[in-house]
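The values are calculated or read from the model by the stated rules, or taken from the named source; none is laboratory data. On a predicted model such as this, the values are computed, not experimentally measured, just so you know. Here the Cβ positions follow ideal geometry from the backbone for every residue, glycine too, while neighbour counts run over all protein chains shown.
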Amino acid sequence: MKPITRGTLAAVVTGVAATVGAAGPAAAAGTVPVTLPLGGVSTALGMEVPRLGAQLPLPTPGAPDGPRYVTGRLLPDRTLPQVPVHSGLPGLDATAPLPHLLGDGGFDHLGVDAPGGDLRALAPGLSVDAPLTAPDGGHSGLPGTKLPQAGLLAPVLQTDADGTLGTGTGPGR
């Protein structure tokens with residue numbers, strides 16, 4: 001291998017490693033946390049306001065399982081391969097004050113906690129075959145005819161969702 005090729009390859013590998021290292025923490029989580037800052041509203045109004053937080057999904061595509069060559073077919077199996085996608089489900093964490101209608105004027109709280117879960121998916125794929133067979137020596141090297149074939153590779157979705165809805169007394173979480 002020539003020194004110029006080695007240097008170019010080393011630069012490309014270094015750039016890829018730096019990119020993967022920088023994107024690691026956010027991509028590993030699968031979600032990006034977002035908090036709605038309502039502290040100033042609470043201070044300005046002099047009352048308790050809801051607390052809201054969310055987790056937004058960060059989808060990351062994986063490497064597709066490429067076409068598979070099969071003997072006797074002109075086109076490879078899985079002509080359009082399925083692409084795996086890993087992500088997180090959107091999450092929600094909210095607490096809202098519920099005033100007492102009768103009594104001391106205090107607050108109860110209503111809380112929703114639906115953490116983001118792991119989501120694994122495979123995009124749909126396509127498998128087709130031409131209406132011709134492979135070239136045959138018995139037909140002077142010409143392909144024969146056959147019925148065309150087409151198949152749809154079904155999408156796959158795997159996840160595990162969880163959530164909690166509850167009420168309680170006292171200050172919000």
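Selection of segment 122-169 for residues being farther than 30 Å from Thr31 by Cβ and among the hydrophobic types (A, V, I, L, M, F, W, C) yields Leu126, Val128, Ala130, Leu132, Ala134, Leu142, Leu147, Ala150, Leu152.
Considered as a group, the residues in segment 70-93 that are among the hydrophobic types (A, V, I, L, M, F, W, C) and over 30 Å from Asp129 (Cβ atoms) include one that is surrounded by the fewest Cβ atoms within 10 Å (Cβ to Cβ), and that residue is Leu92.
Scanning segment 140-155 for residues that are among the aliphatic types (A, V, I, L, M) and within 14 Å of Arg78 (Cβ to Cβ) yields Ala150, Leu152, Leu153, Ala154. For residues that are outside any helix (DSSP H, G or I), free of Cβ contacts under 8 Å to residues at least 60 places away in the same chain and farther than 30 Å from Val85 by Cα, tally how many sit in segment 31-49. Qualifying residue count for the region: 5. When each of Ala54, Ala27, Ala22 is tested for being among the small types (Gly, Ala, Ser), over 30 Å from Leu147 (Cβ atoms), at pLDDT below 80 and surrounded by 12 or more Cβ atoms within 10 Å (Cβ to Cβ), the lone residue that passes is Ala27. In this entry, Asp129 passes the filter for residues that are more than 30 Å from Gly168 (Cα to Cα), of a type in the set (D, E, K, R) and surrounded by 14 or more Cβ atoms within 10 Å (Cβ to Cβ). Among the residues of segment 101-117, those identified as of a type outside the set (A, V, I, L, M) and at pLDDT below 85 are Gly103, Asp104, Gly105, Gly106, Phe107, Asp108, His109, Pro115, Gly116, Gly117.
Among residues of segment 75-95 that are on the phi < 0 side of the Ramachandran plot, those with a beta-carbon under 7 Å from a residue that is of a type in the set (Ser, Thr, Tyr) and part of a loop (DSSP other than H, G, I, E, B) at least six positions away or on a different chain give the pairs Pro76/Tyr69. Within segment 63-75, the presence of a residue that is in a strand (DSSP E or B), under 27 Å from Thr159 (Cα atoms), modelled with pLDDT of 80 or more and aliphatic (A, V, I, L, M) is excluded. Would you mind stating whether Leu119 is among the hydrophobic types (A, V, I, L, M, F, W, C), surrounded by 13 or more Cβ atoms within 10 Å (Cβ to Cβ) and in contact (Cβ under 8 Å) with a residue 24 or more places away in the chain? The answer is yes for Leu119.
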